[in-house]
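Below: the structure, in C-alpha cells.
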Amino acid sequence: MKLRSRYTVGEIPHSEHPCPQRMRKDWACLNGAWDFYKQTALGKREHESTILVPFSPESLLSGLSEDFCLKSGEMLVYSRKFTVAERWLGGVTKLHFGAVDSECSVLVNGESAGAHTGGYTAFSLDITHLLRAGENELVVYCKDEGTRNGDARGKQSDKRGGIWYTPQSGIWQTVWLENMPKRHIENLKITPSVSEKSVKINADCDGAEMEITVFDGEKEILREKFTSEVTLSYDFELWSPENPKLYDFTLTSETGDCIRSYFGVRSFGVCTDGQGKKRLTLNGKPYFFNGVLDQGYFSDGMLTYPSDKAMLDELTMLKEMGFNTVRKHIKIEPMRWYYHCDRLGLVVWQDFVNGGGEYKFSHIALFPFFGFKHRDDDYKYFAREDAGGRYAFKCMVDETLAQLYNCPCIGVWVPFNEGWGQFDSAFYTEYIQAQDGTRIIDSVSGWHDQGEQKTALKSLHIYYTPLKVPKDNRPVVLSEFGGYSMKVQGHTFAEKEFGYKKFKTQEKLVGALRKLYLKKLKPLIKKGLCGCIYTQVSDVEEEINGFVTYDRAVLKVPVEEMKKINAEIALEAEKIQ
C-alpha cells in the first residue's frame with residue numbers, strides 16, 4: 001500500500017537552486033506540471049494527463065494513478081512550454097537534468113538537443129542554438145530498461161520484495177535552465193589540503209582572466225586573480241562534524257560571468273595508532289565514523305524526497321541523534337542533499353550504483369554468509385559478462401566522481417556492495433584513487449574481499465553473527481550492522497515484513513539498541529574498529545528496520561535515547577590515539 005508522507009508539495013516542487021556550489025543569478029526552475037503520456041510497445045497512448053515533475057510516474061506525488069507501471073518496450077513522453085528572457089538569447093543557455101531513469105532523448109522546438117543514458121547521474125545540454133524569441137517547447141522521451149538490461153539500477157527490481165524495491169522511471173530530479181555569457185566559467189574543481197592549509201581552485205573560462213573572492217561570514221579574507229589554477233593559502237579553520245566550517249566565495253571572469261560557491265578544508269586518510277592498529281583519520285587524527293545507512297526512499301516520492309525540507313529534517317534528526325556519518329546507499333542524491341550534509345557536519349560514505357545481470361542468491365548472500373568469497377574477475381559468477389554493461393559502469397563512475405568531487409562532506413567512495421554486479425575491484429580502487437586521492441575507498445563493502453594487496457579497507461557486514469574485529473593490516477569498518485525492526489500498524493507498505501531482528505515495542509527496541517552499541521560494539525573500538533554504519537534511517541517498503549517509518553510519520557527510536565547511546569560511543573572514541 002502506498003502511503004502519503006507528512007510533507008506538503010507546492011505547485012513547483014524543489015524550487016530552490018539545485019546546485020549550491022555553482023550558482024549563477026540567471027536560472028529558471030522547470031519543475032511543476034508537464035504534459036505526459038505513456039506510449040506502449042504498439043504505439044498506443046496511455047495515462048495521458050499531466051505529471052508533477054520531478055516525481056516519477058510510479059510515485060504518489062506524480063499525480064498519476066496508483067497502478068502505473070512501465071513495461072519493456074514502452075516509453076514515457078514529457079512535454080512543456082517555457083519562455084526565456086530576451087537578454088538570454090545573446091549568451092549560452094544550458095538545460096540541466098538532475099537525473100532521468102534511465103535513458104532519455106531531448107527535443108527543443110522539435111530539434112534534437114541531445115541524449116543521456118544512466119539513471120542516477122546529472123547531465124547538461126547546450127540548447128542555445130535551438131532557442132527562439134517568445135515561447136519554446138521542450139519534449140523528453142524516456143525509456144527504462146535498467147532493471148532488465150544490466151544498467152545501473154540500485155535497489156530497483158521487477159521482482160520487488162525484501163531488500164529489493166519497486167522500480168521507478170523517468171524524470172526524478174530537478175529540471176532547470178541556466179544562462180551565462182558565451183565565454184563562461186567551466187570545470188570548477190576544488191581541492192583542499194589540510195597539511196598546507198590551502199585550497200587549490202581549477203577552472204576554465206576560454207583563456208579569460210578570473211578573480212576569486214573568499215569570505216569568512218561577511219568578511220572578505222582573500223582575493224586572487226588567475227587564468228586556470230590558483231592556490232589559496234590562509235589559516236583556514238578545518239571542517240569536521242564537530243565544526244562544519246564552510247567558506248563562501250565568488251568566482252568572476254572578465255567576460256562578465258559570475259559563480260557563487262563554497263568550500264571546506266578537511267582531509268581523510270589512514271594512520272597507525274599507538275597500539276599499532278590501522279585507523280581512519282579526519283584532518284590527520286584518528287577518528288571514529290559513527291553513521292547510519294540511508295537509502296533515500298520516501299513512501300510518496302520513492303527516490304525523490306517530497307521537498308527540500310524533507311531532506312533537511314532527516315539529516316538534522318541524524319545529527320541530533322549524535323551521528324557524525326551517513327552512508328548514502330546505492331543512490332546519488334540531488335546536490336542540495338550534499339549541501340545540507342556539508343553545512344550540518346555529516347561525513348558521507350558514498351556508494352556507486354550497481355548494475356549487471358540477475359544476481360544469484362547463493363553468490364551474493366548464501367555463500368558469503370558461510371565465509372566463502374570469490375575472485376571478481378570471474379564476470380559470469382557476478383553477472384557481469386556483458387562488456388557494454390561493464391563499460392557503462394565505468395562511465396557512471398566517471399560521472400559520479402565529476403559531479404560530487406567538490407563536496408566537502410564526502411569522505412569515502414564505495415564502488416561495490418555485497419557482490420552486486422561486482423567486478424575488477426582492484427582496478428577500480430586504483431582508478432578512483434588516481435582521480436581522487438583526497439578520500440578513502442571502501443572497495444567491496446560486505447564480502448567478496450579481494451585481499452589486503454587489492455582493497456583499502458576490511459569492510460564487514462554483520463547481522464546474524466557476533467560483532468568482531470578480525471586481524472588485518474587494513475583499517476576495519478563495520479559498514480553494515482543492526483537492522484533491528486519494529487512494525488508500526490497503519491504505517492507499513494505491506495503486511496509482509498523484512499528485518500534482521502524483530503521487536504514488538506519501542507521499549508524493547510531501544511533496549512536492544514543500547515545492548516548492541518554499548519555491550520557489543522563499544523568494546524571493539526579499542527580493538528581497532530574504525531567506523532560503524534547502522535541499518536538504517538527509515539523503513540523502505542517491506543524492509544521495516546528504520547529509525548522512522550516509511551511515511552516518516554512515526555519516530556520508532558526517540559532522538560534523546562539514541563543521543564545518549566552515541567554520547568557513550570563518542571567518549572570511547574576519544575580514547576583513540
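None of the figures in this text is laboratory data; all of them are computed from the coordinates on show. Please read all numbers here as calculations on a predicted model, not as lab measurements. Heads up, the Cβs are rebuilt from the backbone with ideal geometry, glycines too, and the neighbour counts pull from every protein chain shown.
Tabulated data for the structure shown
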{"quantity": "Computed [θ] at 222 nm, deg cm²/dmol, the chain (DSSP H ≥ 4; -39,500 (n - 2.57); rounded to nearest 500)", "calculated": "-4500 deg cm²/dmol"}
{"quantity": "Residue exposure sequence - TRP172, TRP447 - by fewest surrounding Cβ within 10 Å", "calculated": "TRP447, TRP172"}
{"quantity": "Summed residue charge, Cβ within 9 Å of ARG336's Cβ, Lys/Arg positive, Asp/Glu negative", "calculated": "-3"}
{"quantity": "Nonlocal amide H pairs with GLN156, under 5 Å, H built at 1.01 Å", "calculated": "TYR165"}
{"quantity": "For the chain, with +1 on Lys and Arg beta carbons and -1 on Asp and Glu, the positive-most of GLY322, HIS340, SER65 along the dipole", "calculated": "GLY322"}
{"quantity": "Nearest-20 debye value, the range 372-479 charge dipole, Cβ charges on Lys, Arg, Asp, Glu", "calculated": "360"}
{"quantity": "Gain in span if fully extended, LEU555 to LYS504, counting 0.36 nm per residue against the direct Cα distance", "calculated": "16.9 nm"}
{"quantity": "Cubic angstrom per residue, convex hull over Cα atoms of the chain", "calculated": "149"}
{"quantity": "Size of charge dipole - the range 186-263 - debye, nearest 20, with Cβ of Lys, Arg +1 and Asp, Glu -1, no other charges", "calculated": "220"}
{"quantity": "Across LYS245/LYS526; LYS94/LYS155; LYS155/LYS373; LYS285/LYS458, pairs whose alpha-carbon gap is larger than 27 Å", "calculated": "LYS245/LYS526; LYS94/LYS155"}
{"quantity": "Centre separation in Å (Cα based) which lies between the range 94-127 and the range 453-472", "calculated": "41"}
{"quantity": "Bridge type composition, the chain - antiparallel percent by DSSP, nearest 5", "calculated": "70"}
{"quantity": "Amide proton proximity set for LYS502, modelled H, under 5 Å, gap of 5+", "calculated": "SER485"}
{"quantity": "Relative contact order (%) - the chain, alpha-carbon pairs under 8 angstrom, separation at least six", "calculated": "13"}
{"quantity": "Under 11 Å, Cβ to Cβ, from LYS487 - net charge with Lys/Arg +1 and Asp/Glu -1", "calculated": "0"}
{"quantity": "GLU254-PHE361 pseudo-label distance in nm [points 7 Å out on the Cα-to-Cβ vector]", "calculated": "6.8"}
{"quantity": "Convex hull (Cα only) mean projected area of the range 27-180, reported in nm² to one decimal", "calculated": "9.1"}
{"quantity": "DSSP-loop trypsin sites (Lys or Arg not before Pro) across the range 433-486, with at most 15 other Cβ within 10 angstrom", "calculated": "LYS468, LYS471"}
{"quantity": "Charge dipole (the chain, unit charges on Cβ, about Cα centre) - positive-most of ASN406, THR191, VAL292", "calculated": "VAL292"}
{"quantity": "Lys/Arg +1, Asp/Glu -1 at C-beta; the chain dipole; positive extreme among TYR37, VAL100, LEU513", "calculated": "LEU513"}
{"quantity": "Bins of 10 Å, starting at 0 and running to the largest distance - Cα pair percent for the range 293-573", "calculated": "6, 28, 37, 25, 4, 0"}
{"quantity": "Estimated dipole of the chain in Debye, rounded to 20 [Cβ of Lys and Arg +1, of Asp and Glu -1, Cα centre]", "calculated": "2260"}
{"quantity": "HIS374-GLU145 FRET efficiency (beta carbon distance; Förster radius 22 Å; 0.05 resolution)", "calculated": "0.20"}
{"quantity": "FRET efficiency, SER72 to TYR234 (Cβ-Cβ, R0 51 Å, nearest 0.05)", "calculated": "0.35"}
{"quantity": "Relative contact order for the range 72-211, counting Cα pairs under 8 Å that sit 6 or more residues apart, in percent", "calculated": "27"}
{"quantity": "Fewest-first ranking of ASP257, ASP273, ASP376, using other Cβ atoms within 10 Å as the exposure measure", "calculated": "ASP273, ASP257, ASP376"}
{"quantity": "DSSP-defined beta bridges in the range 293-573 - what % are antiparallel, rounded to 5", "calculated": "10"}
{"quantity": "Order of HIS14, HIS363 under a 10 Å beta carbon neighbour criterion, fewest first", "calculated": "HIS363, HIS14"}
{"quantity": "Inter-part distance where the range 141-216 and the range 493-536 are each reduced to a Cα centre, Å", "calculated": "34"}
